[in-house]
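Peer 1: Sharing a structure here in structure tokens format.
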Amino acid sequence: MAKTNQSGTAGSAGNNNDIYNIVLLIVDIVVLVAKFWIAIVEEVFKAFTTRPQSNVAGQFVLITGAGHGMGKEMALQYGALGAKVICWDVNEQTNSQTVKEVKQAGGTAFGYVCNVVKREDIVELAAKVRKEHGFISVVVNNAGIMPCHPLLEHTEQETRLMYDINVLAHFWIIQAFLPDMVERNEGSIVALSSCAGLFGLPNLVPYCGTKFAVRGYMAALAEELRLKNPQTNVKLTTIFPYMIDTGLCKNPRFRFPNLFKLIPPQEAAASIIEAQREGLEEAAIPRRFVAIEKIGRLIPRKAMRLVNDFLDTGVDSDKH
Ligand SMILES: NC(=O)c1ccc[n+]([C@@H]2O[C@H](COP(=O)([O-])OP(=O)(O)OC[C@H]3O[C@@H](n4cnc5c(N)ncnc54)[C@H](O)[C@@H]3O)[C@@H](O)[C@H]2O)c1
């Protein structure tokens with residue numbers, strides 16, 4: 001009889017527990033649905049309003065590949081905004097020229113020669129820079145190369161070099177500067193992906209691989225930071241430029257040059273800085289390309305290929 005009572009009590013406790021868990025689950029679902037719609041409304045609202053831009057005056061901004069192209073233009077424009085620019089490039093002459101021009105325009109800049117292929121050099125130089133200047137607020141992983149020909153014509157050496165510069169160097173640089181940012185709960189990391197990180201393009205098979213990799217690791221890192229600290233103030237911005245007139249893209253091909261044309265590096269640099277200062281997670285240049293990629297993914301591939309063939313825009317091989 002006593003046995004029956006005990007199991008009866010255990011049974012009703014179990015039932016209470018089940019009811020409690022079901023109520024908890026229902027509350028969780030209601031909270032999720034409410035937060036989900038609030039987040040959507042917030043993001044739609046943000047899309048139609050001007051976002052405040054963070055102040056970079058007096059802060060240290062480190063740019064790799066500052067000797068030429070978008071890196072150089074970013075150095076000049078960050079300098080004009082009052083930031084103290086730290087220029088890294090493998091090319092001492094062009095890097096020094098950038099530093100000189102930032103200073104001539106009344107800004108502050110420091111130049112360092114760095115081949116980002118060499119991890120030991122990055123680690124050593126990062127320690128030196130942190131010792132000399134302290135906290136680096138913004139790090140822009142910009143240096144990149146773009147050999148452009150069919151996959152079967154790519155050598156092992158150039159393929160490995162592309163991954164070293166376009167992807168692996170980013171990891172070594174982030175590992176050097178992110179810990180300070182996490183500790184202070186502030187700072188920005190900007191990574192140059194490309195439209196070749198949104199769309200697969202002929203003649204750019206390994207390059208697309210590197211730029212999709214940038215997109216992937218930045219998305220994963222954002223999740224790591226968010227789960228570690230849901231209130232994180234460390235911003236990650238991935239940039240997807242279309243073709244920019246720096247000379248990197250040697251043989252661009254356009255059927256409709258009025259619709260798709262080379263973008264001046266000054267304009268691209270301004271767009272990158274704006275995205276960083278607004279704390280955008282992803283920004284294409286022009287901005288509409290991220291939306292086009294998202295819509296493109298909903299459309300069957302066969303249909304999208306017809307549109308791509310009609311537009312006939314891309315890059316021809318640099319070997320012919
Ligand atoms: N130009 C474009 O059309 C375009 C489009 C999309 C994305 N991007 C990306 O934007 C970034 C900048 O492109 P850009 O057109 O301004 O390039 P760029 O060729 O004009 O300048 C690149 C700079 O990086 C430096 N660099 C190259 N290898 C290096 C190394 N091992 N160590 C240190 N510095 C090195 C070069 O010396 C040069 O100063 C790249 O990552 C590129 O892939 C460019």
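Peer 1: Within the set of other residues whose C-beta is less than 13 Å from the C-beta of residue 65, count the net charge using Lys and Arg as +1 and Asp and Glu as -1. Show your work: numbers first, answer last.
Peer 2: Values: positive: 72; negative: 73, 89.
It works out to a net charge of -1.
Peer 1: Give me the Kirkwood hydrodynamic radius of the stretch 170-320 in Å, from all C-alpha pairs, to one decimal place? Write out the running numbers ahead of the final one.
Peer 2: Details: mean 1/r = 0.0595 Å⁻¹.
Value: 16.8 Å, from the Cα pair sum.
Peer 1: Continuing with the same structure: So what are the ³J(HN,Hα) numbers for the stretch 138-145, from phi and the Karplus equation (6.51, -1.76, 1.60; θ = phi - 60°), rounded to whole Hz, Gly and Pro as x?
Peer 2: Those phi angles translate into 10, 10, 10, 7, 10, 3, x, 10 Hz.
Peer 1: Follow-up question, since we're still on this one. For the stretch 164-256, state which trypsin sites (Lys or Arg not before Pro) are in a DSSP loop and have at most 16 other beta carbons lying within 10 Å of their beta carbon.
Peer 2: Numbers: sites: 184, 211, 215, 226, 228, 235, 250, 253, 255; in loops: 250, 255.
Of the trypsin sites (Lys or Arg not before Pro), the ones in loops of the stretch 164-256 whose Cβ has at most 16 other Cβ atoms within 10 Å are 250, 255.
Peer 1: Where the centre of each part is set by its Cα atoms, how far does the stretch 200-277 sit from the stretch 66-126, in angstrom?
Peer 2: Computed from Cα coordinates, the inter-centre distance equals 20 Å.
Peer 1: Let me ask something else about it. Identify which of 233, 21, 251 has the largest mean-square fluctuation in a Gaussian network model of the chain, with springs joining Cα atoms closer than 10 Å.
Peer 2: 21
Peer 1: How large is the dipole of the chain about the Cα centre if only Lys and Arg carry +1 and Asp and Glu carry -1, each at its Cβ, rounded to the nearest 20 debye?
Peer 2: Working: 33 positive and 32 negative charges, 93 e Å.
About 440 debye.
Peer 1: Note down the relative contact order for the chain as a percent, whole number, built from C-alpha pairs under 8 angstrom at least six residues apart. Intermediate results must be reported in sequence, preceding the final value.
Peer 2: Working: 500 pairs, mean separation 51.9, N = 320.
16 percent.
Peer 1: Report the label-to-label distance for residue 306 and residue 182 in nanometres (one decimal), using points 7 Å from each Cα along the Cα→Cβ vector.
Peer 2: For residue 306 paired with residue 182, the spin-label model returns 5.0 nm.
Peer 1: Still on this structure, please answer the following. Grab the Cα-Cα distance for residue 153 and residue 48, subtract it from 0.36 nm times how many residues apart they are, and report the gain in nm with one decimal. Numbers along the way, then the final one.
Peer 2: Values: separation 105, 0.36 × 105 = 37.80 nm, distance 4.58 nm.
This chain segment gains 33.2 nm when fully extended.
Peer 1: Considering all alpha-carbon pairs of the stretch 113-155, what whole percent are spaced by more than 13 angstrom? Walk me through the intermediate numbers first.
Peer 2: Working: 615 of 903 pairs.
I get 68 percent for the Cα pairs in the stretch 113-155 exceeding 13 Å.
Peer 1: What residue among 145, 244, 29 shows peak mean-square fluctuation when the chain is described by a Gaussian network model with Cα springs under 10 Å?
Peer 2: Of 145, 244, 29, the most mobile in the Gaussian network model is 29.
Peer 1: Quick one: helix 205-228 against the long Cα principal axis of the chain, what's the angle to the nearest 10°, folded into 0 to 90?
Peer 2: Result, in degrees: 40.
Peer 1: With springs only between Cα atoms under 10 Å apart, run a GNM on the chain and tell me which of 31, 138, 205 wobbles the most.
Peer 2: 31
Peer 1: Using alpha carbons only, how many degrees (0 to 90, rounded to 10) separate the axis of helix 301-311 from the longest principal axis of the chain?
Peer 2: The two axes meet at around 20 degrees.
Peer 1: Okay, moving on. The stretch 39-99: which chymotrypsin sites (Phe, Trp or Tyr not before Pro) are DSSP loop and have at most 12 other beta-carbon atoms within 10 angstrom?
Peer 2: Values: sites: 45, 48, 60, 78, 88; in loops: 48.
Filter output for the stretch 39-99: 48.
Peer 1: I've got another one for you. Amide H to amide H under 5 Å from residue 235: which residues, 5+ apart in sequence or cross-chain, H placed 1.01 Å off N in plane?
Peer 2: The list, which skips near neighbours in sequence, is 187, 188, 189.
Peer 1: I'd like to know which of 242, 202, 31 lies farthest towards the positive end of the charge dipole of the chain, counting +1 on Cβ of Lys and Arg and -1 on Cβ of Asp and Glu.
Peer 2: Positive-end residue among those listed: 31.
Peer 1: Can I ask one more? Farthest toward the dipole's positive end in the chain, which of 256, 166, 99, given Cβ charges of +1 (Lys, Arg) and -1 (Asp, Glu) about the Cα centre?
Peer 2: The residue sitting farthest along the positive end of the dipole is 256.
Peer 1: Measure nothing but the geometry: give the 0 to 90° angle between the long axis through the Cα atoms of 69-80 and the longest principal axis through the Cα atoms of the chain, rounded to 10°.
Peer 2: Here the helix axis deviates by roughly 80 degrees.
Peer 1: Given H placed 1.01 Å from N in the peptide plane, which residues other than close sequence neighbours of residue 282 have an amide H under 5 Å from its amide H?
Peer 2: 238
Peer 1: Give me the distance in nm between label points sitting 7 Å out from Cα along the Cα-to-Cβ direction at residue 113 and residue 39, one decimal.
Peer 2: For the pair residue 113/residue 39, the computed spacing is 4.8 nm.
Peer 1: For the chain, place one equal point scatterer on every Cα, skip the solvent, and apply the Debye formula. What is log10 of I(q)/I(0) at q = 0.07, 0.08, 0.12, 0.15 Å⁻¹?
Peer 2: The Debye formula, applied to the Cα set alone, gives -0.36, -0.44, -0.86, -1.28.
Quick note: the coordinates plus some simple rules give every number you see, no bench work behind them. All values reported here derive from a predicted model rather than from experimental measurement. So basically every Cβ, Gly included, is an ideal-geometry build from the backbone, and we count neighbours across all protein chains shown.
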